[in-house]
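Okay, structure first, notes after.
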Amino acid sequence: MTDEDEIREQMIDAFEGADYPISSPMDLVPALPDGPGTKFESGEFSMTAMELNTKTSGGEFPYDDVETFVDDVIEDLKEQGEL
């Protein structure tokens, strides 16, 4: 079973090092520990940062902080049936 809180925590850890505010997904890449291949995993859920970018709407850029960005990504994943 996928733990949404675990995924949220992994995303915050991965994306918090970006230079906020961010204006596009490309602003996040330098902060990712394994670049676009950075994986987020819990239970049956496994997705790389690159896959997130292609499977979600991309969000409402710009974002001023990591929490708002991750909240939107999680919500989008839920709407897509991924979480």
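For the subset of the range 14-31 comprising residues that are loosely packed, with under 13 Cβ neighbours inside 10 Å and not in a loop (DSSP other than H, G, I, E, B), which member is farthest from the chain's Cα centre (by Cα)?
Per the stated criteria, the residue is PRO30.
Looking at SER57, SER46, can you tell me which residue is outside any loop (DSSP other than H, G, I, E, B) and hydroxyl-bearing (Ser, Thr, Tyr)?
Details: SER57 fails: outside any loop (DSSP other than H, G, I, E, B).
When all the criteria are applied, what remains is SER46.
A quick yes/no check of all residues on (1) of a type in the set (Ser, Thr, Tyr); (2) modelled with pLDDT of 95 or more; (3) within 16 Å of THR56 (Cα to Cα):
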residue: THR2; (1), (2), (3): yes, no, no
residue: ASP5; (1), (2), (3): no, yes, no
residue: ARG8; (1), (2), (3): no, yes, yes
residue: ALA14; (1), (2), (3): no, yes, no
residue: ALA18; (1), (2), (3): no, yes, no
residue: PRO21; (1), (2), (3): no, yes, no
residue: SER24; (1), (2), (3): yes, no, yes
residue: LEU32; (1), (2), (3): no, yes, no
residue: PHE40; (1), (2), (3): no, yes, yes
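What number goes with the only condition from (1) farther than 18 Å from GLN80 by Cα; (2) surrounded by 14 or more Cβ atoms within 10 Å (Cβ to Cβ) that ASP34 does not pass?
(2)
In this structure, does ASP71 turn out to be more than 22 Å from THR2 (Cβ to Cβ) and at pLDDT 95 or above? First the steps, then the outcome.
On the way: more than 22 Å from THR2 (Cβ to Cβ): no; at pLDDT 95 or above: yes.
No, not satisfied.
Yes or no: VAL73 within 12 Å of the chain's Cα centre (by Cα) and in contact (Cβ under 8 Å) with a residue 60 or more places away in the chain?
yes
Can you tell me which residues in the range 60-69 are part of a helix (DSSP H, G or I) and not acidic (Asp, Glu)? So that I can check it myself, show each step before the final result.
The first filter runs over the range 60-69 and keeps only residues part of a helix (DSSP H, G or I), leaving 66-69.
Hits for the range 60-69 are VAL66, THR68, PHE69.
Given GLU9, GLU41, which one is outside any helix (DSSP H, G or I) and among the acidic types (Asp, Glu)? Can you show your working first?
Details: GLU9 fails: outside any helix (DSSP H, G or I).
It is GLU41.
For the range 54-70, enumerate the residues that are surrounded by fewer than 18 Cβ atoms within 10 Å (Cβ to Cβ) and touching a residue at least 24 places away in the same chain (Cβ under 8 Å). It would help to see each step written out before you state the result.
In the first step, residues of the range 54-70 are kept if they are surrounded by fewer than 18 Cβ atoms within 10 Å (Cβ to Cβ); the result is 54-55, 57-58, 60-62, 64-65, 67-68.
Listed by number, the residues that qualify are LYS55, GLY58, PHE61, PRO62, ASP64, ASP65, GLU67.
The values are calculated or read from the model by the stated rules, or taken from the named source; none is laboratory data. Model, not experiment: these values are computed from the prediction. Here Cβ is always computed from backbone atoms with ideal geometry, including for glycine, and neighbour counts include all displayed protein chains.
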